[in-house]
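These notes are about the structure you will find just below.
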């Protein structure tokens, strides 16, 4: 069984990194909207069950934002910045 490998040029790799960085940036914007909305939601009066759901949204979106920051950091390193 032979394994085929695709050899990509440095330009193709950098183009891919650039595209991923743009997507990560867009994801950051979406996550920021979720974080802002969850903060505003947490400021209102809520039933305990609703408050738990709001906390789950906030915790999960903070974790997603942390992962996205790490991903963006790795992509910057790949692009030589």
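Tabulated data for the structure shown
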quantity: Test result for residue 16, without any contact (Cβ under 8 Å) to a residue 24 or more places away in the chain and assigned to a loop (DSSP other than H, G, I, E, B); calculated: no
quantity: Criterion violated by residue 70 - all others in (1) within 30 Å of residue 13 (Cβ to Cβ); (2) touching a helix residue (DSSP H, G or I) at 6+ places or on another chain (Cβ under 8 Å); (3) without any contact (Cβ under 8 Å) to a residue 40 or more places away in the chain satisfied; calculated: (2)
quantity: Residues (closer than 30 Å to residue 81 by Cα and surrounded by 16 or more Cβ atoms within 10 Å (Cβ to Cβ)) located in region 36-63; calculated: 61
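Only the coordinates and a few stated rules stand behind these numbers; no lab work does. Bear in mind the structure is a predicted one, so any value in this text is a computation, not a measurement. Note that we place each Cβ from the backbone using ideal geometry, even for glycine, and neighbour counts take in every protein chain shown.
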